[in-house]
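Participant: Below: one structure in structure tokens.
The values are calculated or read from the model by the stated rules, or taken from the named source; none is laboratory data. Bear in mind the structure is a predicted one, so any value in this text is a computation, not a measurement. Cβ: placed from backbone, ideal geometry, glycine included. Neighbour counts: every protein chain shown.
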Amino acid sequence: MTAIIDYNAGNLTSVKRALDYLGISCVITPDRNDVLAAERILFPGVGHAGTSMQILRERGLDTALREAYSAGTPILGICLGTQIILSHSDEGDTSCVGLIDGDCPRFAVQNNSLKIPHMGWDGISIKRDHPLLRHVTENDEFYFVHSYYPRPGREEDIIAECEYEALFPAVIGCKNLFATQFHPEKSGRAGLELLKNFCAWDGAE
């Protein structure tokens with residue numbers, strides 16, 4: 001069973017619909033015991049980092065994520081779920097889950113034609129191979145909507161980048177953790193391919 005973590009963040013039902021379409025058994029759950037018992041964990045979300053971290057702590061889901069990561073359970077972060085797996089977010093000056101060392105700054109674009117949030121379809125530049133990017137190519141585009149972006153402390157934790165005036169990490173990961181700033185559940189064939197790959201992944205790089 002794949003557990004989709006419920007911490008009152010948006011977009012959970014869109015993720016479940018995508019997995020249902022792929023025929024993958026999943027459940028949306030706020031229960032830390034369900035998360036710890038899951039074969040795989042999906043950590044999506046749209047919302048505010050500070051509010052989301054407060055709810056994660058109240059439900060014990062932050063410690064559940066840390067325990068699952070240490071145990072080698074495959075974890076997929078999406079959007080806000082990608083940002084708050086890092087140590088800190090500038091949104092609300094928030095201490096986060098800390099699965100990967102790094103922070104989450106806000107875009108500071110100088111080009112007046114570029115708006116914040118960064119929203120719409122964009123391509124990614126793949127820096128290193130990964131099982132979840134099987135059948136995903138440089139020509140594929142993914143759907144983004146975000147004002148903050150992940151910035152891991154280690155270069156080797158950046159799997160793919162996107163450009164919005166400057167390059168930023170669009171996919172990050174380490175060991176059994178893979179996380180996308182874009183929304184695979186809203187990204188057509190390539191996004192569904194990534195979700196399908198995740199649900200067959202054993203957590204090995």
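Participant: Identify the single condition in (1) touching a strand residue (DSSP E or B) at 6+ places or on another chain (Cβ under 9 Å); (2) modelled with pLDDT of 95 or more that ALA71 does not satisfy, given that it satisfies every other one.
Facilitator: Result: ALA71 fails condition (1) only.
Participant: Which residue pairs have Cβ atoms closer than 9 Å, lie 6 or more positions apart in sequence or on different chains, and pair a first residue in the stretch 67-90 that is touching a residue at least 60 places away in the same chain (Cβ under 8 Å) with a second residue that is of a type in the set (Lys, Arg)?
Facilitator: TYR69/LYS175; GLY72/LYS175; THR73/ARG40; PRO74/ARG40; ILE75/ARG40; LEU76/ARG40; LEU86/ARG151
Participant: Here are some conditions: (1) closer than 26 Å to CYS26 by Cβ; (2) modelled with pLDDT of 95 or more; (3) more than 16 Å from the chain's Cα centre (by Cα); (4) acidic (Asp, Glu). GLU185 meets all but one. Which one does it not meet?
Facilitator: Evaluating GLU185 over (1) closer than 26 Å to CYS26 by Cβ; (2) modelled with pLDDT of 95 or more; (3) more than 16 Å from the chain's Cα centre (by Cα); (4) acidic (Asp, Glu) leaves (3) as the failure.
Participant: When only residues in the stretch 54-113 that are of a type in the set (D, E, K, R) and assigned to a strand (DSSP E or B) count, which is nearest to TYR149 (Cα to Cα)?
Facilitator: ARG106
Participant: Moving to a separate point now. Can ALA9 be described as in a strand (DSSP E or B), small (Gly, Ala, Ser) and either modelled with pLDDT under 95 or surrounded by 15 or more Cβ atoms within 10 Å (Cβ to Cβ) (or both)?
Facilitator: Criteria not met by ALA9.
Participant: Within the stretch 12-34, which residues are of a type outside the set (D, E, K, R), part of a helix (DSSP H, G or I), closer than 20 Å to ALA49 by Cα and free of Cβ contacts under 8 Å to residues at least 60 places away in the same chain?
Facilitator: LEU12, THR13
Participant: Would you mind stating whether VAL35 is in contact with a Pro (Cβ under 8 Å, 6 or more places away or on another chain), aliphatic (A, V, I, L, M), at negative phi and crowded, with 24+ Cβ neighbours inside 10 Å?
Facilitator: No; evaluated as a whole, the condition is false for this residue.
Participant: So is GLY123 within 25 Å of PHE198 (Cα to Cα), touching a Cys at 6+ places or on another chain (Cβ under 8 Å), in contact (Cβ under 8 Å) with a residue 12 or more places away in the chain and among the small types (Gly, Ala, Ser) or not?
Facilitator: yes
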